[in-house]
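The values are calculated or read from the model by the stated rules, or taken from the named source; none is laboratory data. Since we're looking at a predicted model, the values are computed, not measured. Positions of Cβ are backbone-derived with ideal geometry, glycine not excepted, and every protein chain shown enters the neighbour counts.
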Amino acid sequence: MDLSGVVWRKSSRSGGNNECVEVARTRQNAGLRDSKAPDAGELSFDDAGFRTFIHAVKSGRLDQ
């Protein structure tokens with residue numbers, strides 16, 4: 001997915017320590033990247049994949 005030219009944003013719940021992810025949305029896709037290293041690459045999802053990812057995060061399935 002081409003995410004060039006998209007607007008990246010941080011959550012309003014992000015603290016001031018710059019330790020968060022940024023999200024970008026297109027009509028049918030979403031991208032995530034590390035706010036500390038935006039040039040290191042990003043994860044990209046179609047809408048269904050993004051919903052699945054967010055559900056996994058909220059449910060704690062990805063906690064270590």
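T26 meets each of the listed conditions (1) under 17 Å from V57 (Cβ atoms); (2) out of contact with any Gly (no Cβ under 7 Å at 6 or more places or on another chain) apart from (1).
Remark: pairs (first residue in the range 4-33, closer than 21 Å to D47 by Cα; second residue β-branched (V, I, T) and assigned to a strand (DSSP E or B); Cβ separation under 6 Å; 6+ apart in sequence or on different chains) = L32/V21; L32/V23.
Here is a yes/no grid of residues against (1) over 13 Å from W8 (Cβ atoms); (2) aliphatic (A, V, I, L, M); (3) surrounded by 14 or more Cβ atoms within 10 Å (Cβ to Cβ):
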{"site": "R27", "(1), (2), (3)": "yes, no, no"}
{"site": "P38", "(1), (2), (3)": "no, no, no"}
{"site": "A48", "(1), (2), (3)": "yes, yes, no"}
{"site": "F53", "(1), (2), (3)": "yes, no, yes"}
{"site": "K58", "(1), (2), (3)": "yes, no, no"}
{"site": "R61", "(1), (2), (3)": "yes, no, no"}
{"site": "Q64", "(1), (2), (3)": "yes, no, no"}
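Hey, can you tell me all the residues within the range 36-64 that are touching a residue at least 12 places away in the same chain (Cβ under 8 Å) and either in a loop (DSSP other than H, G, I, E, B) or of a type in the set (K, R) (or both)? K36, E42 - these are the residues of the range 36-64 that are touching a residue at least 12 places away in the same chain (Cβ under 8 Å) and either in a loop (DSSP other than H, G, I, E, B) or of a type in the set (K, R) (or both). Candidates are the residues of the range 9-35 that are assigned to a loop (DSSP other than H, G, I, E, B) and touching a Cys at 6+ places or on another chain (Cβ under 7 Å); the one that is modelled with the highest pLDDT is S35.
Residues of the range 7-41 that are over 20 Å from I54 (Cα atoms) and hydrophobic (A, V, I, L, M, F, W, C): A37, A40. Within this structure, E42 fails the test of being surrounded by 10 or more Cβ atoms within 10 Å (Cβ to Cβ) and modelled with pLDDT under 85.
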